[in-house]
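Right, one structure below, let's go through it.
The values are calculated or read from the model by the stated rules, or taken from the named source; none is laboratory data. As the structure is a prediction and not an experimental result, all values here were calculated from the model. Heads up, the Cβs are rebuilt from the backbone with ideal geometry, glycines too, and the neighbour counts pull from every protein chain shown. These accessible areas exclude ligands, DNA and RNA; they are computed on the full protein's heavy atoms, side chains included. Shrake-Rupley method; radii C 1.70, N 1.55, O 1.52, S 1.80 Å.
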Amino acid sequence: MRAHHGLLLPLILATGTAVSAQPLRQYADLAIAPAGDRVASVESAAEPDAPDTASGAIVVRATGDGHVIARLDPCRSCSYSGLAFGPAGQLAFIARDKAVGSATLMVQAGRATRRLATVQGLAATPRWSPDGTRIALLVTIGARKETGATQAGIREVGEIGQTNDEQRIAIVPAGGGVLKTVSPADRFVYEYDWMPDGKGFVATTALGNGDANWWIATIDAIDAASGTVRSIAKPATQANFPRVSPDGKNVAFIGGVMSDFGSVGGDIWTVPMAGGTATDVTPSYHGSFTSLSWDANGLRATALLGAQAAIVPVDPAGGPGKPLWSAAVSIAAGGAKIVFARNGAMATVVQDFEHGPAILAGPPSAPIRISHENDGFAPIVSARSLTWRSGGSDVQGWLVAPRGAATSSGKAPMITDVHGGPAAATSPAFIWQGSTAALIKAGYWLFFPNPRGSYGQGEAFTAANRRDFGGGDLKDILAGIDAAEAAAPIDDRRLGLMGGSYGGFMAMWANTQTRRFKAIVAAAGLSNWISYYGTNGINSWMIPYFGKSMYDDPQAYWDVSAIKFIKQARTPTLITVGERDIEVPPTQSVEYWNGLKAVGVPTSLIIYPDEGHGIRAPEHVADARRRTIAWFDQYLRGR
């Protein structure tokens, strides 16, 4: 085991000199105009730990110097999303009015803003046809819940499983007209791309329940006139970002072991538009591809390479090239990580642990920062990337300390925070509010490991926890803690552990496998894979990891269940979960809570009403934060 570390100081960002009294500016759904001269985003001003989510407006900026060209807010009661520039520079977007349950497709051109179509339900992902005469979008008419398995589920009463929300492709003329649903009603469309001739789409789709079936989704062609579906590929792994080549002959996608829709990582695959066997064009790549773009400038991807986010050109026949740009930051732009203009310019929103969000734009090799609203925020942490050896592989993680802590005397308590997934990765995000900031202000160091099963080290590393949940990944985490203690003044007698979803499982599991931690906080964790299999709403996600269903191989599921080893648990554990969580039902937390009580381990369970997989209501977020700080203070500091 060896540790490598260095300060996280990306040159593309400026360090603030004083804490600003202004709210932190957020830039969501970033889009770039075809000419590369403008970017648009939904900008909002977020107050620290505010009880309400800030409402935003669409702001259009010049890419040269970032000056504001226009500010659009045509529906003061609406939230905005899905920004998409058309071929002639028009801007389409979705305006959603939650109070009345509607979503409206709008287009802004010049000084005029037009309403094209309104649906009662949900709408997302507008995309202009290649000739600019039509706009496609995803609609869920009469939606009973927010889209996605992480959202709060509907009440399960009456006859179960007979009705599902249907997310379909719809088309509306750009000049105005009737909205027409195109894809079949029995098929849930997750994402799509126009074919270059405008005659149809390539999409990832699945029959039946959209929350449950993404893990077995296929790549299909959908005719824009008739809605006829033709299968292109049935990937052996999960697939994201289907993108059509400019000549319309091939489809590229990211394929890999992925545990949640939207958490993307894997290799790049291609398949003929006519259908056939997909080919991995980036085998053995030491990184994870996270988004794709394919246009006249070529096939370009974003990738996570250890601690670095990168832009990578890809030759469909020859494989990946050297990164055009990389930095130790997180990146985001609409549904992708980076957006590209027709002239090859790019734009994205970057942030890291020490610097707030900022818009970058320009040539991919040398983008510049064009937004400065967050310059006044001084960092409250110092962050470094650590790399250590475990199980024959390099493993990466982040060590984050209160600013100036390195010069203080004595050793500090440290809390290890394990990400969900497991196919995901912790990337740098500005620390300024929430539980993370509260822990930092309370004097805790934080460690964010990316153990095997995570993105960033290649597909073999991501798949290395198959049939080994809580095995090699826990060893990686413990070895990472050793690396952190070798690099910093960490008190091994005051270690805490926390995590949500898969991280919640790891927290519950670690309690039964090691005495190293003195306090644990488990959010939406899994305690018994046997009971979990038959009670959650998404059990198809486990087949790629376990190889067989629980009914065919129950022992594999029981062997990695914390409940099996509950008599070995000793660490006081706080448990939180949402009442309507369909990904990890609250019964998993109840079962673990009862187990800890039975063996005399201090524990507390909070079930938050009407919440899904993740706590969202501000009052619940504040309550969970308060309880988390109090729990660690009690058992790591005796307060």
Q.
How long are the semi-axes of the equivalent ellipsoid of segment 481-639, taking √(5λ) for every eigenvalue λ of the Cα gyration tensor, in whole Å from largest down?
A. 26, 20, 14
**Q.** Stretch gain in nm, segment residue 486-residue 230, where the contour uses 0.36 nm per residue and the Cα spacing is subtracted
**A.** 86.5 nm
Q) So what is the orientation-averaged projected area of segment 291-414, using the convex hull of its C-alpha atoms, in nm²? A) 10.7
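What does the highest-first list of 29-38, 569-578, 450-459 look like by mean Cβ count within 10 Å? Display every interim value, and only then the final one.
Details: 29-38: 20.9, 569-578: 24.3, 450-459: 26.5.
Going from most to least packed, we get 450-459, 569-578, 29-38.
Given C-alpha coordinates of segment 106-227, what is the ratio Rg to Rh with the Kirkwood estimate of Rh? Could you put the intermediate results ahead of the total?
Values: Rg = 15.3 Å, Rh = 15.3 Å.
So for segment 106-227, dividing Rg by the Kirkwood Rh gives 1.00.
Kindly report the accessible area of the chain per residue (heavy atoms of protein chains, probe 1.4 Å, no ligands, DNA or RNA), in Å². Spell out each step's value before the answer.
Working: 24480 Å² over 639 residues.
Computed with neighbouring chains in place, this is 38 Å² per residue.
Determine the gain in length on full extension of the stretch residue 411-residue 111; use 0.36 nm per residue of separation and subtract their C-alpha separation, reporting nm with one decimal. Don't skip to the answer; put the middle values down first.
Values: separation 300, 0.36 × 300 = 108.00 nm, distance 5.98 nm.
Length difference between fully extended and current span is 102.0 nm.
When the accessible area of segment 60-134 is split by element with a 1.4 Å probe, what percent falls to carbon and sulfur? Show your work: numbers first, answer last.
Values: 1730 of 3470 Å².
Taking all protein chains in place, segment 60-134 shows 50 percent carbon and sulfur surface.
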Q | Virtual spin-label span in nm between residue 54 and residue 540, 7 Å along Cα→Cβ | A | 3.9
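Normalised by the number of residues in the chain, what is the relative contact order in percent for Cα pairs under 8 Å and 6+ residues apart? Let's see the in-between values first.
Details: 1685 pairs, mean separation 73.0, N = 639.
After rounding, I find 11 percent.
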Q) Counting only protein heavy atoms, what percent of the accessible surface of segment 476-608 is carbon or sulfur at a 1.4 Å probe? A) 54
Q) Roughly speaking, to the nearest percent, how much of segment 240-376's 1.4 Å accessible area is carbon and sulfur? A) 55
Q. Which distance in Å, rounded to a whole number, links the C-alpha centroids of segment 292-361 and segment 508-539?
A. 35
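Restricting attention to segment 529-571, which chymotrypsin sites (Phe, Trp or Tyr not before Pro) occupy a DSSP loop and are surrounded by at most 15 other Cβ atoms within 10 Å? Working shown, then result.
On the way: sites: 529, 532, 533, 541, 545, 546, 551, 557, 558, 565; in loops: 551.
Counting only loop positions with at most 15 other Cβ atoms within 10 Å, the chymotrypsin sites (Phe, Trp or Tyr not before Pro) in segment 529-571 are 551.
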Q: Would you mind pulling out the separation of the Cα centroids of segment 177-238 and segment 549-563, in Å?
A: 34
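Which pairs, out of 234/322; 518/564; 199/234; 475/518; 234/337; 337/411, put more than 27 Å between their alpha-carbon atoms?
Numbers: 234/322 30 Å; 518/564 21 Å; 199/234 22 Å; 475/518 18 Å; 234/337 25 Å; 337/411 38 Å.
Pairs exceeding the cut-off: 234/322; 337/411.
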Q: At 7 Å along the Cα-to-beta-carbon direction for both residue 530 and residue 597, put a label point, then send me their distance in nm to one decimal.
A: 2.1
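Taking segment 123-228, which GluC sites (Glu not before Pro) meet the DSSP loop condition and have no more than 11 other C-beta atoms within 10 Å? Numbers along the way, then the final one.
On the way: sites: 146, 156, 159, 166, 191; in loops: 146, 156, 159, 166.
Here the GluC sites (Glu not before Pro) that fit, given the DSSP loop and packing criteria, are 156, 159.
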(Q) Using alpha carbons only, how many angstrom separate the centre of segment 399-456 from the centre of segment 121-158? (A) 35
Q. What is the local net charge at residue 384, summed over the other residues whose Cβ is closer than 12 Å to its Cβ (Lys, Arg +1; Asp, Glu -1)?
A. -2
Q | Using alpha carbons only: equivalent-ellipsoid semi-axes of segment 232-316, gyration tensor based, whole Å | A | 19, 16, 10
Q. How long, wide and thick is segment 358-449, going by the Cα atoms along their three principal axes, in whole angstroms, largest first?
A. 42, 36, 25
Q. What are the trypsin sites (Lys or Arg not before Pro) within segment 126-202 that DSSP puts in a loop, where the Cβ has at most 14 other Cβ atoms within 10 Å?
A. 144, 155, 199
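May I ask for the net charge around residue 542, where only other residues with Cβ less than 11 Å from the Cβ of residue 542 are counted and Lys, Arg are +1 while Asp, Glu are -1?
On the way: positive: 466, 467, 548; negative: 553.
Around residue 542, the charge tally is +2.
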**Q.** Ordering of 104-112, 332-340, 251-259 by burial proxy (mean other Cβ atoms within 10 Å per residue, highest first)
**A.** 251-259, 332-340, 104-112
Q. Net charge near residue 488, counting Lys/Arg +1 and Asp/Glu -1 over other residues with Cβ under 12 Å of its Cβ?
A. -2
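At 222 nm, what value in deg cm²/dmol follows for the chain if DSSP H runs of at least 4 each add -39500 (n - 2.57) and the sum is divided by all its residues, to the nearest 500? Display every interim value, and only then the final one.
Values: 10 runs with 90 residues, N = 639.
Dividing the helical sum by the residues of the chain leaves -4000 deg cm²/dmol.
At 0.36 nm per residue, and after removing the present C-alpha to C-alpha distance, how many nm does the segment from residue 607 to residue 133 gain when stretched out fully?
165.7 nm
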